[in-house]
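First up is the structure itself, then whatever we jot down about it.
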Amino acid sequence: MLKYRADISGIRALAVLSVLIYHADLDVFGYRLLPAGFFGVDIFFVLSGYLISYLVLEQIERGEFSFLQFYHRRARRILPALFAMLVFSIPFAFYLLHPNALVAFSKSLVAAVASVSNFVFWLEDSYTAEASQLKPLLHTWSLGIEEQFYLVLPLLLIMLNRLSSSERTIKITLWVLLVGSLICAQLTAIHASTFGFFVLPSRIWEFVCGTLLALSHLKHGLPAPTMRSRVWVYVGFLAVLVPMFVYDDGVRHPSTFTLSTVVGTVLLIRFGTTPSLVKSVLSWGPIVYIGLISYSLYLLHWPILVFARHAFIELGYGQTVLLIAVSFACAALSYRFVETPFREQRLGAKPLYLTLLTSGLVMVVFALWAISGGGLIDRFRDRPVLYATFLDMQRVDRGETYDPDCYFHFELDGDLTEHPFENCLVLDDNRQNIVLMGDSMVAYSSFWGVKSIVDPATTNVVFTGMAGCRPVFDYGRNENCRARNDRILAFAAENEIDLLILAGGWRNPDVIQNNLVDTLEYLKTAGQNTVVIGAPLQFERKLPDVYDIVASQTGSFQGASMIVPEYFAADELMQDVVPASGFQYISLTTQICLTGLVEDCRLTYDDVLLTADRGHLTPTAAEHLFSQYKFDDETSQIVRRELK
């Protein structure tokens, strides 16, 4: 039987505190505390691998292992606190989240109940999804991975034990699995980082490190305290701590960069019983208590921080510290009144599963209601601007403003290098043809804007869009983007298109001065009539979020402080570069900000916000802005304007 060790609780405390500090995003004298505190999750994975593997291995060795009992204990340990957090998140989500965010929350809610939220977040469209800091249940991805490991571990260990009870054979097999998973982690960190971060194959090596340690402990015990073991404790402690200060969000993870944290955790577990300053710190009463409540603290701190970010534009230092204190208080209550009664079996199996089933049904019913109701827009009837904006965006959701089959995601849609993009550009010999090409600005803004001002009887408007792919030669490193651009630009040059419109989120001066200029020179040589449309205003946060927070707190709204300034400089550069290449440039920025002052930028049109996210125009705003365009004489003959 594995004896309780206070220092193990201390390691749990180290893990949860590093994650909490990282998520709180606290600065001291301009330096971010623990910029790589996310390594705390890897500490948890190694600990779980060690503790659960020891339990399973011991019971297999005694011939006492039962799948039913194993999963029953896991359910008692994990599900009550998890379900409590999920249920208590629902009213905050209902009150604070806007429609699309509530739909995303509801999907992740069901996924968390089913222990597959890591897959949901992996498959999410990162281009249109809510920012990570605004997803209340994002942290449940790690629970999904851990629970999936619990499905694999007993089967693996039983199979190995039946094939060969030899410790050597089991170790070799585990080492092969470890190395294979680490290679997978390294490759995915380079080529598919989102997949590698969220799925078990690139994480299982961390658990297996704990499994190997458990196997060694079970067969040979822990090493006796010596001077050498004391050195290894300090080495392990430094190996865990140093990466949290040295690395940041940019590090490839999980990968070989994660080895230091994983190996350091193994050393702390293996040699942690050796008397040392590290053991004294990890076994100190307050640290041990934090370790005891670490599971509830991990579950609760993140939604508390996220919902606060939805309630306020940005959190001050004092507010963040207060939220951390609230997280500790809630975690203590959860540990005392939720975790402990269920784990210690003060409540029988029947009350446990009845409670889980009831709360699970409540969550699923709420999620289905929210998803089928399109995010429950009627919640905003008392906030007319937001209500009108969300109703307006339903036109996009229904596919009324653009054809989704002609809008691509180069990260999600697989290999598109041979895709027949030209199928979206069906020309009509009996009408004038306008072809729009660009990134998401085409799909969400320019295409509908142009369609709203032309006469469909005389003008055919078609488009091809790709998220994040500016419509120029040699843009970025993604082959899908390059293939789309090469083929469509060649198509435009080879066919008699009356008007080609290039639209994008122009921001990078190098792209404007080099890639765009080269592209326009190519089109000029081909004699292709072209217009370039600039990017609308971009915001640091979604405009409805900013509007909701500021208007509710002040009674008025000025969103100027949230506008991304780089787009103004890019727009000024475009006003010089495009005409110098012999083509017309349409500036959305000058249409929105008529005086040229940020404070005077128009952010609502017919009580509909300019954008429902951080920059893509709402259909109503697109209609208004495009109806005001002043095309040159040649283009005006093509665009049959119907001013509204």
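The table that follows gives values for the structure above.
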read-out	value
All lysines inside 28 Å of Lys451 as judged from Cα atoms, apart from same-chain residues fewer than 8 positions distant	Lys524, Lys542, Lys630, Lys644
Which label in (1) 28.4; (2) 32.0; (3) 30.3 gives the computed mean projected area of the Cα convex hull in nm²	(2)
Cleavage-rule hits, chymotrypsin sites (Phe, Trp or Tyr not before Pro), the stretch 273-330, DSSP coil, Cβ neighbours within 10 Å at most 15	Trp284, Phe312
Helix-only CD estimate at 222 nm, as mean residue ellipticity for the chain, using -39500 (n - 2.57) per DSSP H run (n ≥ 4)	-18500 deg cm²/dmol
Per residue accessible area of the chain, 1.4 Å probe, in Å²	44 Å²
Accessible area (Å², 1.4 Å probe, nearest 10) - Thr458	50 Å²
GluC sites (Glu not before Pro), loop per DSSP, at most 12 other Cβ atoms within 10 Å - longest free stretch of the chain	65-313
Prolate/oblate/rounded call for the stretch 343-426, Cα gyration tensor, a/c under 1.5 rounded	oblate
Only Lys, Arg (+1) and Asp, Glu (-1) charged, at Cβ; the stretch 1-115 dipole about Cα centre in debye	300 debye
Rounded to the nearest 10 Å², the accessible area of His72 at probe 1.4 Å	30 Å²
Percent carbon-and-sulfur accessible area, the chain, ignoring ligands, DNA and RNA, probe 1.4 Å	60 percent
Sparse-neighbour loop sites [trypsin sites (Lys or Arg not before Pro); the stretch 434-483; at most 10 other C-beta within 10 Å; DSSP]	Arg477
The chain: antiparallel DSSP beta bridges as a percent of all, rounded to 5	20 percent
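The values are calculated or read from the model by the stated rules, or taken from the named source; none is laboratory data. It should be emphasised that the depicted structure is a prediction, and the values quoted were computed from it without experimental measurement. Positions of Cβ are generated from backbone atoms using ideal geometry, with glycine treated the same way; all protein chains shown enter the neighbour counts. For accessibility, only protein heavy atoms count, side chains too; no ligands or nucleic acids. Shrake-Rupley method; radii C 1.70, N 1.55, O 1.52, S 1.80 Å.
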